[in-house]
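The values are calculated or read from the model by the stated rules, or taken from the named source; none is laboratory data. Fair warning: this is a prediction, and the values are worked out from it, not measured in the lab. When we count neighbours, we look across all protein chains shown, and the Cβ atoms used for this are built from the backbone with ideal geometry, even at glycine.
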Amino acid sequence: MPFGNTHNNFKLNYKVEEEFPDLSKHNNHMAKVLTKEIYGKLRDKQTPSGYTLDDVIQTGVDNPGHPFIMTVGCVAGDEESYEVFKDLLDPVISDRHGGYKPTDKHKTDLNFENLKGGDDLDPNYVLSSRVRTGRSIKGYTLPPHNSRGERRAIEKLAVEALTSLDGEFKGKYYPLKSMTDAEQEQLISDHFLFDKPVSPLLTCAGMARDWPDGRGIWHNDNKTFLVWVNEEDHLRVISMQKGGNMREVFRRFCVGLQKIEEIFKKHNHGFMWNEHLGYILTCPSNLGTGLRGGVHVKLPKLSTHPKFEEILTRLRLQKRGTGGVDTASVGGVFDISNADRLGSSEVEQVQLVVDGVKLMVEMEKKLEKGEAIDGMIPAQK
Amino acid sequence: MASSFTRILSSKRNVGILSLVGGSVAAGFLLHREHVTAGEPLRRRYPASAEYPDLRKHNNCMASNLTPAIYAKLCDKATPNGYTLDQAIQTGVDNPGHPFIKTVGLVAGDEESYEVFADLLDPVIKERHNGYDPRVMKHPTDLNATKIQSGVFDERYVLSSRVRTGRSIRGLSLPPACTRAERREVERVVVDALSGLKGDLAGKYYSLTLMTEQEQQQLIDDHFLFDKPVSPLLTCAGMARDWPDARGIWHNNEKTFLIWINEEDHTRVISMEKGGNMKRVFERFCRGLKEVERLIQERGWEFMWNERLGYILTCPSNLGTGLRAGVHVKLPRLGKDPRFSKILDNLRLQKRGTGGVDTAAVGGVFDISNLDRLGQSEVQLVQTVIDGVNYLIECEKRLEKGQDIKVPAPLKQFK
């Protein structure tokens, strides 16, 4: 229930033209899709929990975007948002996810044994491996919309589920609001601690309300499996380790996720999922697998090759700096991960990362020897 | 639907008659303290105890006064427009405050918020306004500038004089809650009225969305341009939504009367000039306000006002007069005197640096203004500033001559 979007019926006293946002300077997916007709058709609708069209689009109205970066500009407040506002969200999803149609089906495959290879990435080049995704708990509204009572209930359920894990997944929960200074220091050094969101893309969607109430971090004793509770999504699940054994990272990812899901199902609160959109998350960009599998890899020569961008595109990969999104790479080290989320499975996406990174490391080695790589450039995957 | 629309329609008819009789105070009779119909009760999945915010690390007026019992009583209520308690307190929940600075921690989404959530707002108002009890006291409004005495300062000390306040348009929701259409309506109503100003008040409107680069630069150079709010106290209350839609600045050609539209309040009205002629600044302030009020009444609108809270604004700290009258004054010696703070306190004045709130004084120049807003009239508050600043200048002169100064007796708060 973000501020300002009060009882929706009150707004209906005004005409569509009077309420329609001024999107003339905007460059985001929402602004490109939202017409007065669509606005007029959807504005008197609400999801069962009371989320409205204006709630969905507020972040996109407040953040016009950038000429070069296309943000999504809309969020879901609950599972039903994707149904009730499909006239807006289906075209946004199609634009964002390479033409994905309302009739398309998304494949989920969390069987790590289906991954080929991935355990032999050269650790002289691949410094670390990581897979992350998000999960939403069925029956609760999402971070832009949930109340304090709801967020606390999500936290309680998540903590119950996570603290019942054992073996390699045995771990501990650190709630943000009662963390000690020592615990906070440790979590920062481990690069685990998340901060209150400062990006207006998130704050304008109401996701930082009541911070730090109901938020926290859980990680296993080995520090290789980590869950964020109530940050941008109900749960963000991360598996990571140093070196190039992506296969092991993905195994732990899949096994851990499935264990957690079983526990939630026992409490009659499984994960939000459907066969069209896959896993339901707050931002439409994270639908499908919600998965970003990536490595930090040293590619000083390849990264300066004129065909680097084209190679990445053909491999269906994207690059980021080692500080994450929109940072510069330091010392020729790049964060390379899958570009797709929706329309292909987890195994398929991680396979692309594993095969693509392996190829790029071989290219780097060739370039080191002064040899050409033109023959190695792949076809579009 | 018992909404504010029916009230506007009936009040517009009445205003036509009352404006003939004249006087801005007459408009206040239109919203007497009737029973305000609450909106539909909210759908709640969790009991109030599960929703009650964690305020243990908080230090603001809302947190000091919101008991679990008050929360439970009010959390299912909504104003006729649908504004809720959770929305009103969100800014205070999100901004715990500072051990030394006590912020208010809540806002009103509309005029009715002050009624529907009175169980919380009345004690907050009492705490913030030094004991003013809205349940039993009445707030005096007086915009008769002829009553001001000795309002021209020694310009060897006073560099500039300024008076500001805010006004809300009755019938339209306030910045935390307003829809885009309502905000645009505020802009339309006010700009239309301002175009009727004549003489030394005649001026021009600059919409934030349509402003040219040149106009923007000029407004920055004149120190008129306001930016999108960045303070989380404001953004967490939802006041920056849809920026810069329907926001703008109007000022007269002489650049001495300025109005901000749809920033923190529907309107912020500022009268200012270089030098020490506070009387003239206040005279123009009153004249301008009354003219604007007459012009909106002609069109069937009025300002939000009632006799227990005075002028209704978004933040409870600005109720009453919403007035801050101040000067930039050179007090290099007094500023270093250990008795300075006590003198200011007793004179019911506050100091700020010349960059505004929370800045340091540069070159011994201080921004001195009234502390109080509610419980005293505009004339009383401006007179307090005038008398107080004159006293400060006297102290400075005495210190220049090596003479001693006295801490004055404390002024009574509510006259």
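Among the listed residues A:Gly206, A:Gly216, A:Gly118, A:Gly149, identify the single one that is small (Gly, Ala, Ser), touching a helix residue (DSSP H, G or I) at 6+ places or on another chain (Cβ under 9 Å) and free of Cβ contacts under 8 Å to residues at least 12 places away in the same chain. Unique residue meeting the criteria: A:Gly149. Which count do you get for residues in segment B:197-232 that are among the basic types (Lys, Arg) and within 17 Å of B:Phe257 (Cα to Cα)? The number of residues fulfilling the criteria is 2. Can you say whether A:Ile336 is assigned by the TED database to the domain that holds A:Leu127, outside any helix (DSSP H, G or I) and not hydroxyl-bearing (Ser, Thr, Tyr), as far as the supplied structure shows? In short, yes.
Selection within segment A:126-163: residues that are hydrophobic (A, V, I, L, M, F, W, C) and under 30 Å from B:Ile89 (Cα atoms). The member of this set that is nearest to the other protein chains (Cβ to nearest Cβ) is A:Ala153. Examine segment B:70-87 for a residue that is more than 11 Å from every other protein chain (Cβ to nearest Cβ), modelled with pLDDT of 95 or more and part of a loop (DSSP other than H, G, I, E, B), and state whether such a residue exists. Checked segment B:70-87: no residue is more than 11 Å from every other protein chain (Cβ to nearest Cβ), modelled with pLDDT of 95 or more and part of a loop (DSSP other than H, G, I, E, B).
Kindly state which helices (runs of 4 or more DSSP H) lie completely within segment A:1-82 and contain at least 3 residues that are away from every other protein chain (no Cβ under 11 Å), over 19 Å from A:Arg209 (Cα atoms) and at pLDDT 95 or above. Let's see the steps before the verdict.
Details: elements: A:8-11, A:16-19, A:29-33, A:36-42, A:53-62.
Counting at least 3 such residues, we get A:29-33, A:36-42.
For (1) within 26 Å of B:Asn390 (Cα to Cα); (2) in a strand (DSSP E or B); (3) of a type outside the set (Gly, Ala, Ser); (4) touching a residue at least 40 places away in the same chain (Cβ under 8 Å), each residue gets a yes or a no:
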residue: B:Asp245; (1), (2), (3), (4): no, no, yes, yes
residue: B:His251; (1), (2), (3), (4): no, yes, yes, yes
residue: B:Leu258; (1), (2), (3), (4): no, yes, yes, no
residue: B:Glu263; (1), (2), (3), (4): no, no, yes, yes
residue: B:Arg268; (1), (2), (3), (4): no, yes, yes, yes
residue: B:Glu273; (1), (2), (3), (4): yes, yes, yes, yes
residue: B:Lys279; (1), (2), (3), (4): yes, no, yes, yes
residue: B:Phe282; (1), (2), (3), (4): yes, no, yes, yes
residue: B:Arg287; (1), (2), (3), (4): yes, no, yes, yes
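Report every pair of residues separated by at least 6 positions or lying on different chains whose Cβ atoms are under 7 Å apart, first residue within segment B:49-65 and facing another protein chain (nearest Cβ under 9 Å) and without any contact (Cβ under 8 Å) to a residue 24 or more places away in the chain, second buried (at least 17 other Cβ atoms within 10 Å of the Cβ) and among the acidic types (Asp, Glu). Matching pairs, first to second residue: B:Asp54/A:Asp213.
Quick check: is even one residue across segment B:111-134 in a loop (DSSP other than H, G, I, E, B), within 13 Å of chain A (Cβ to nearest Cβ) and at pLDDT 95 or above?
Yes, segment B:111-134 contains at least one residue that is in a loop (DSSP other than H, G, I, E, B), within 13 Å of chain A (Cβ to nearest Cβ) and at pLDDT 95 or above.
Residues in segment B:102-136 that are of a type in the set (S, T, N, Q) and surrounded by fewer than 24 Cβ atoms within 10 Å (Cβ to Cβ): B:Thr103, B:Asn130.
Of all residues in segment B:214-250 being crowded, with 20+ Cβ neighbours inside 10 Å and touching a Phe, Trp or Tyr at 6+ places or on another chain (Cβ under 6 Å), which is farthest from the other protein chains (Cβ to nearest Cβ)? It comes out as B:Trp250.
B:Ser168 is checked against (1) surrounded by fewer than 21 Cβ atoms within 10 Å (Cβ to Cβ); (2) within 21 Å of the chain's Cα centre (by Cα) and fails just one. What number does that condition carry? If we test B:Ser168 against (1) surrounded by fewer than 21 Cβ atoms within 10 Å (Cβ to Cβ); (2) within 21 Å of the chain's Cα centre (by Cα), just (1) comes out false.
Here's the yes/no breakdown for (1) surrounded by fewer than 21 Cβ atoms within 10 Å (Cβ to Cβ); (2) closer than 30 Å to A:Arg151 by Cα:
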position: A:Thr47; (1), (2): no, yes
position: A:Val75; (1), (2): no, yes
position: A:Glu83; (1), (2): yes, yes
position: A:Leu88; (1), (2): no, yes
position: A:Lys105; (1), (2): yes, no
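Of the numbered criteria (1) surrounded by fewer than 21 Cβ atoms within 10 Å (Cβ to Cβ); (2) in contact with a helix residue (DSSP H, G or I) (Cβ under 8 Å, 6 or more places away or on another chain), the one B:Phe303 fails is (1).
Within segment B:339-371, the set of residues being assigned to a loop (DSSP other than H, G, I, E, B) and at pLDDT below 95 comprises B:Thr354, B:Gly355, B:Val357, B:Asp358, B:Thr359, B:Ala360, B:Ala361, B:Gly363, B:Gly364, B:Leu371.
To keep it simple, each residue is scored yes or no on (1) surrounded by 16 or more Cβ atoms within 10 Å (Cβ to Cβ); (2) within 14 Å of chain A (Cβ to nearest Cβ); (3) in contact with a Ser or Thr (Cβ under 7 Å, 6 or more places away or on another chain); (4) among the charged types (D, E, K, R).
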{"residue": "B:Gln149", "(1), (2), (3), (4)": "no, no, no, no"}
{"residue": "B:Arg164", "(1), (2), (3), (4)": "yes, no, no, yes"}
{"residue": "B:Leu172", "(1), (2), (3), (4)": "yes, yes, no, no"}
{"residue": "B:Glu187", "(1), (2), (3), (4)": "yes, yes, no, yes"}
{"residue": "B:Leu194", "(1), (2), (3), (4)": "yes, no, no, no"}
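Is one or more of the residues making up segment A:369-379 surrounded by 19 or more Cβ atoms within 10 Å (Cβ to Cβ), at pLDDT 95 or above and outside any strand (DSSP E or B)?
First, pick out the residues of segment A:369-379 that are surrounded by 19 or more Cβ atoms within 10 Å (Cβ to Cβ): A:373.
This time we only want the ones that are at pLDDT 95 or above, so: none.
No, every residue in segment A:369-379 fails to be surrounded by 19 or more Cβ atoms within 10 Å (Cβ to Cβ), at pLDDT 95 or above and outside any strand (DSSP E or B).
Quick check on B:Ala177: is it part of a loop (DSSP other than H, G, I, E, B), on the phi < 0 side of the Ramachandran plot, in the same structural domain as B:Val292 (by the TED database) and surrounded by 18 or more Cβ atoms within 10 Å (Cβ to Cβ)? Considered against the rule, which asks whether it is part of a loop (DSSP other than H, G, I, E, B), on the phi < 0 side of the Ramachandran plot, in the same structural domain as B:Val292 (by the TED database) and surrounded by 18 or more Cβ atoms within 10 Å (Cβ to Cβ), B:Ala177 comes out as yes. Right, A:Ile311: at pLDDT 95 or above and farther than 20 Å from A:Asp104 by Cβ or not? The answer is yes for A:Ile311.
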